[in-house]
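Chemist: Take this structure first; my questions come after.
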Amino acid sequence: MSRIGKKPVALPQGVEAKVDGQELTIKGPKGTLSMTMMDDLIKFDVSNDEISVLPHNMSQRSRQVWGMQRTLVQNLVDGVTEGYSKTLEINGVGYRAQAQGKKLKLQLGFSHDVDLDVPEGIEVKTPDQTTVIVSGIDKQLVGHFAAEIRKWRKPEPYKGKGIKYAGEYIFRKEGKKK
């Protein structure tokens, strides 16, 4: 039995949930998100102020996905109420970022600038040249775009230059000795 799956997802004030066939739609103050439930494995029960995630039967596969489906529903509810954000820090001489509308311009020591198109539903802010804040209501989309930015210059272990998440610990190595 899934301990996570047993707990119902509470719906805060101002959030509506609706099940239409295989589709769960959650509408809140920040927007609308939807999710397709897994065929014949999981069912959603929307009651007065909560969503219960239940397995259709107690087969091994439905018990395996039960807790994960409940967590995905919780992420939808959190996204439409509060939203998600990731903060990236850029370290290195001459490394900088600048948000220009629906584009993010990165200068990372290459012979050219890296221009990234910001996906729909994501907002990118650069409060200063070395900080990038990626925010939106879809947790998966925010994390994926932040990882896409980070992959251009991962932090290296000797000087710590590169793009890292705020609060991320970079394991440092000792340099060459004479």
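The values are calculated or read from the model by the stated rules, or taken from the named source; none is laboratory data. Here the structure is a predicted model, which means the values were calculated and not measured. Note that each Cβ is placed from the backbone with ideal geometry, even for glycine, and that neighbours are counted across all protein chains shown.
Chemist: Considering each of Lys27, Lys18 in turn, give the residue that is assigned to a strand (DSSP E or B), touching a helix residue (DSSP H, G or I) at 6+ places or on another chain (Cβ under 8 Å), modelled with pLDDT of 90 or more and not aromatic (Phe, Trp, Tyr). I'd like the intermediate steps shown before the answer.
Modeler: Values: Lys18 fails: touching a helix residue (DSSP H, G or I) at 6+ places or on another chain (Cβ under 8 Å).
Testing whether each residue is assigned to a strand (DSSP E or B), touching a helix residue (DSSP H, G or I) at 6+ places or on another chain (Cβ under 8 Å), modelled with pLDDT of 90 or more and not aromatic (Phe, Trp, Tyr) leaves just Lys27.
Chemist: Restricting to the stretch 141-166, name every residue that is in contact (Cβ under 8 Å) with a residue 60 or more places away in the chain and loosely packed, with under 13 Cβ neighbours inside 10 Å.
Modeler: Of everything in the stretch 141-166, just one residue is in contact (Cβ under 8 Å) with a residue 60 or more places away in the chain and loosely packed, with under 13 Cβ neighbours inside 10 Å, namely Ala166.
Chemist: Let me ask something else. Residue under question is Lys161, and the condition is that it be of a type outside the set (Asp, Glu) and more than 21 Å from Lys30 (Cα to Cα); does it hold? Steps first, answer last, please.
Modeler: Values: of a type outside the set (Asp, Glu): yes; more than 21 Å from Lys30 (Cα to Cα): yes.
Spelling it out, Lys161 is indeed of a type outside the set (Asp, Glu) and more than 21 Å from Lys30 (Cα to Cα).
Chemist: From the list Asn75, Asn48, exactly one residue is modelled with pLDDT of 90 or more, under 17 Å from Leu11 (Cβ atoms) and not in a strand (DSSP E or B). Which is it?
Modeler: Working: Asn48 fails: modelled with pLDDT of 90 or more.
It is Asn75.
Chemist: Right, here's the next one. Counting only residues that are within 15 Å of Leu108 (Cβ to Cβ) and touching a residue at least 40 places away in the same chain (Cβ under 8 Å), which one in the stretch 125-140 is surrounded by the most Cβ atoms within 10 Å (Cβ to Cβ)?
Modeler: Narrowing the stretch 125-140 to residues within 15 Å of Leu108 (Cβ to Cβ): 126, 129-132.
Pick out the ones that are also touching a residue at least 40 places away in the same chain (Cβ under 8 Å) and you get 130-132.
On the way: Thr130: 15, Thr131: 14, Val132: 26.
This residue is Val132.
Chemist: Right, next: Considering Arg3, Arg70, which residue is in contact (Cβ under 8 Å) with a residue 60 or more places away in the chain, surrounded by 14 or more Cβ atoms within 10 Å (Cβ to Cβ) and not aromatic (Phe, Trp, Tyr)? Full working, then the answer.
Modeler: Details: Arg3 fails: surrounded by 14 or more Cβ atoms within 10 Å (Cβ to Cβ).
After applying the criteria, what remains is Arg70.
Chemist: Take the stretch 139-161 and flag every residue that is in a helix (DSSP H, G or I), in contact with a Phe, Trp or Tyr (Cβ under 8 Å, 6 or more places away or on another chain) and over 16 Å from Leu76 (Cβ atoms).
Modeler: Of everything in the stretch 139-161, those that are in a helix (DSSP H, G or I), in contact with a Phe, Trp or Tyr (Cβ under 8 Å, 6 or more places away or on another chain) and over 16 Å from Leu76 (Cβ atoms) turn out to be Ala146, Arg150.
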